[in-house]
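*Asks:* Here it is: the structure, laid out below.
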């Protein structure tokens with residue numbers, strides 16, 4: 001195993017360099033004489049405790065630990081959200097994912113991605129003449145319009161989304177059942193083209209090696225030119241796969257073996273920098289996209305001593321390991337307990353390189369003042385915890401206030417083993433207050449003891465909602481921006497009801513209110529992605545809509561589309577009624593149709609109800625009956641079912 005060596009400068013010399021450089025970098029934001037190279041290494045689902053320098057047991061990360069010994073190790077470093085796409089959008093844009101409209105983990109069928117109007121670390125560094133390369137998992141849009149080369153990257157090699165989004169089960173066998181069966185083959189993309197596919201777990205054993213060789217080649221191609229390398233490993237996201245030379249290399253098992261291969265990859269990069277004489281002038285940042293997927297047990301990592309893991313807003317989900325190495329400014333061996341976040345990387349890199357900040361508002365702060373460990377420096381004093389559009393908590397200083405929400409939990413559940421997942425629990429949080437300096441495990445709610453602090457942080461939460469919204473309380477934020485969307489041209493439809501007003505008896509969920517005030521008659525059809533903001537989602541309620549065509553019209557066709565995605569608890573209606581009338585008080589039945597009674601079908605699809613026949617009316621009433629509760633065979637047994645509907649077409 002390679003361990004890189006570093007020639008250290010004296011602490012006095014580095015202190016002098018920082019003292020001279022900081023006024024230029026921060027106050028004037030002018031470029032340094034020699035642009036520093038930037039490398040961000042971003043792992044997937046790695047827990048807070050999954051490095052030797054953070055307490056890992058039964059496997060070694062000697063190269064990464066050496067990086068910490070010669071740099072700065074953060075103990076309170078946050079990602080924007082504890083889920084793939086949201087976290088990645090925040091890292092690159094310097095914004096909370098909530099601001100830029102990216103939620104959850106985008107599926108291979110998503111018609112959305114990061115808006116191309118958003119500026120990224122790569123795009124601002126291009127303005128300073130940097131060469132840029134992205135290697136690894138992208139997960140900010142699977143369509144070519146959303147590939148990394150559209151966001152400031154000169155080169156790209158990697159996967160468009162997570163390595164488990166393929167037609168292979170967690171047991172490694174190809175599957176013809178369940179939602180995984182409809183996934184496409186897992187593609188390897190170079191720039192804008194698919195160059196290969198991963199069909200088996202044995203194929204995935206090559207992934208970390210492929211990424212590492214590309215990263216090293218890119219560094220070697222830029223010995224005399226400033227560069228930005230964003231290396232986003234697919235591992236240690238399940239399914240785990242490791243090069244045969246690392247199998248059995250750790251005492252922990254497969255997870256430890258994979259971590260030791262990632263450590264090897266870091267060693268290869270650092271060794272290359274040293275060989276080229278670039279290690280002293282390169283900022284290297286190592287961190288993870290979110291906490292561990294704990295229900296995978298021995299394939300899921302550890303967030304100890306933090307609470308919970310991936311998929312919620314407890315510390316184990318969003319507090320991750322982070323190491324920064326930059327001998328020009330950072331003294332060796334610093335442990336940084338002050339707060340920082342992945343959203344702070346863009347403004348910090350901008351200050352370091354002299355690059356301009358994005359024109360649009362960002363949420364990150366410049367953390368260069370932390371780089372020499374000054375006691376007085378504290379650029380990030382607050383943090384906001386969102387998950388999939390819902391505000392879950394706020395932090396100010398040492399205090400974290402939880403606001404009411406439900407969450408995915410691992411507590412009390414038996415985890416899976418050897419690659420197979422265990423079940424989740426469903427947690428329910430109220431108003432809870434924690435002092436994270438005294439209680440990093442969030443074990444003791446002290447809200448009753450500090451009512452004034454609760455009041456202060458509730459006011460902070462209210463101001464956050466006004467700016468960035470909150471799907472839980474139904475608040476639409478004033479400062480939210482939209483994701484990028486692809487509208488299929490032939491799905492922009494003209495018809496007699498387009499733009500017409502309507503009234504809905506039961507309001508759709510504030511989580512899925514459609515993309516406009518007239519989502520049912522705006523002429524746009526929803527994609528297979530339920531979160532594309534075209535669909536109206538009804539949680540346990542029926543669709544009961546009354547449409548006014550504005551005048552009495554002749555028509556011979558009515559269509560209305562429903563989404564089926566039972567893996568996401570979205571079912572077709574069990575029955576649909578259509579009534580028409582020339583007057584509001586005289587509506588007559590036109591048609592009635594029964595659907596299959598929530599039979600098991602995990603295929604994701606759009607289903608269109610059609611009526612054909614001559615009709616003459618001004619008013620149309622449509623009732624689609626929600627099945628109400630998830631059926632007996634479904635993991636959501638007894639919970640409210642979703643009904644998703646879009647575009648009433650009258651021709």
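*Asks:* Specify which of the listed residues (306, 278) is within 24 Å of the chain's Cα centre (by Cα) and surrounded by fewer than 24 Cβ atoms within 10 Å (Cβ to Cβ).
*Replies:* Only one candidate qualifies: 306.
*Asks:* Please work out if residue 314 is closer than 30 Å to residue 459 by Cα, under 19 Å from the mean Cα position of the chain (by Cα) and at pLDDT 95 or above.
*Replies:* Here the answer is yes, as residue 314 does meet what is asked.
*Asks:* For residue 313, are the conditions met, namely being assigned to a loop (DSSP other than H, G, I, E, B) and buried (at least 23 other Cβ atoms within 10 Å of the Cβ)?
*Replies:* Spelling it out, residue 313 is indeed assigned to a loop (DSSP other than H, G, I, E, B) and buried (at least 23 other Cβ atoms within 10 Å of the Cβ).
*Asks:* In region 219-230, how many residues are touching a strand residue (DSSP E or B) at 6+ places or on another chain (Cβ under 9 Å) and surrounded by fewer than 24 Cβ atoms within 10 Å (Cβ to Cβ)?
*Replies:* Residues flagged as touching a strand residue (DSSP E or B) at 6+ places or on another chain (Cβ under 9 Å) and surrounded by fewer than 24 Cβ atoms within 10 Å (Cβ to Cβ) within region 219-230 amount to 6.
*Asks:* Given the options 464, 446, 454, 440, name the one that is out of contact with any strand residue (DSSP E or B) (no Cβ under 7 Å at 6 or more places or on another chain), under 26 Å from residue 315 (Cβ atoms) and surrounded by 12 or more Cβ atoms within 10 Å (Cβ to Cβ).
*Replies:* The conditions single out 440.
*Asks:* Can you name every residue in region 568-587 that is in a strand (DSSP E or B) and out of contact with any strand residue (DSSP E or B) (no Cβ under 7 Å at 6 or more places or on another chain)?
*Replies:* 583, 586
*Asks:* Any residue in region 133-148 that is farther than 17 Å from residue 44 by Cα, over 21 Å from the mean Cα position of the chain (by Cα), touching a residue at least 24 places away in the same chain (Cβ under 8 Å) and part of a strand (DSSP E or B)?
*Replies:* No, region 133-148 contains no residue that is farther than 17 Å from residue 44 by Cα, over 21 Å from the mean Cα position of the chain (by Cα), touching a residue at least 24 places away in the same chain (Cβ under 8 Å) and part of a strand (DSSP E or B).
*Asks:* Give, as residue ranges, the strands (runs of 3 or more DSSP E) completely inside region 355-444 that count at least 1 residues that are closer than 30 Å to residue 297 by Cβ and in contact with a helix residue (DSSP H, G or I) (Cβ under 6 Å, 6 or more places away or on another chain).
*Replies:* 382-387
*Asks:* Given the structure, is residue 153 more than 25 Å from residue 45 (Cα to Cα) and either modelled with pLDDT under 95 or crowded, with 22+ Cβ neighbours inside 10 Å (or both)?
*Replies:* no
*Asks:* Separate question: Taking only region 105-132 into account, find how many residues are touching a helix residue (DSSP H, G or I) at 6+ places or on another chain (Cβ under 6 Å) and assigned to a loop (DSSP other than H, G, I, E, B).
*Replies:* Within region 105-132, residues that are touching a helix residue (DSSP H, G or I) at 6+ places or on another chain (Cβ under 6 Å) and assigned to a loop (DSSP other than H, G, I, E, B) number 7.
*Asks:* A further question on this structure: Report, by residue number, each residue of region 470-482 that is out of contact with any helix residue (DSSP H, G or I) (no Cβ under 7 Å at 6 or more places or on another chain) and within 27 Å of residue 94 (Cβ to Cβ).
*Replies:* 470, 471, 472, 476, 482
*Asks:* Among the numbered criteria (1) out of contact with any strand residue (DSSP E or B) (no Cβ under 8 Å at 6 or more places or on another chain); (2) in a strand (DSSP E or B), which single criterion is violated by residue 285?
*Replies:* For residue 285, the exception is condition (1).
*Asks:* Still on this model: What's the number of the only condition in (1) crowded, with 22+ Cβ neighbours inside 10 Å; (2) closer than 25 Å to residue 43 by Cα that residue 355 fails to meet?
*Replies:* It fails just one condition, (2).
*Asks:* Against the conditions (1) modelled with pLDDT of 90 or more; (2) surrounded by fewer than 11 Cβ atoms within 10 Å (Cβ to Cβ), where does residue 651 fall short? Just the number, please.
*Replies:* (2)
*Asks:* Can you tell me which residue is farthest from residue 591 (Cα to Cα) among those in region 542-567 that are at pLDDT below 95 and not in a strand (DSSP E or B)?
*Replies:* 567
*Asks:* Of the residues 183, 170, 197, only one is assigned by TED's automatic domain parsing to the domain that holds residue 45 and more than 22 Å from the chain's Cα centre (by Cα); which?
*Replies:* From the options 183, 170, 197, the qualifying one is 197.
*Asks:* Oh, and also: Working carefully through the options 283, 229, 240, find the one that is touching a helix residue (DSSP H, G or I) at 6+ places or on another chain (Cβ under 8 Å), over 22 Å from residue 45 (Cβ atoms) and assigned by TED's automatic domain parsing to the domain that holds residue 126.
*Replies:* Selected residue: 283, the only one of 283, 229, 240 that is touching a helix residue (DSSP H, G or I) at 6+ places or on another chain (Cβ under 8 Å), over 22 Å from residue 45 (Cβ atoms) and assigned by TED's automatic domain parsing to the domain that holds residue 126.
*Asks:* Please name all residue pairs, on different chains or six or more residues apart, with Cβ atoms under 9 Å, provided the first residue is in region 317-342 and is in a strand (DSSP E or B) and the second residue is modelled with pLDDT under 95 and buried (at least 22 other Cβ atoms within 10 Å of the Cβ).
*Replies:* Listed by first residue and then by second, the contacts come to 324/371; 334/371.
*Asks:* Within region 488-512, how many residues are modelled with pLDDT under 80 and surrounded by 13 or more Cβ atoms within 10 Å (Cβ to Cβ)?
*Replies:* Total satisfying the criteria: 4.
The values are calculated or read from the model by the stated rules, or taken from the named source; none is laboratory data. As the structure is a prediction and not an experimental result, all values here were calculated from the model. Methodologically, a virtual Cβ is constructed for each residue, glycine included, from the backbone with ideal geometry; neighbour enumeration extends over all protein chains shown.
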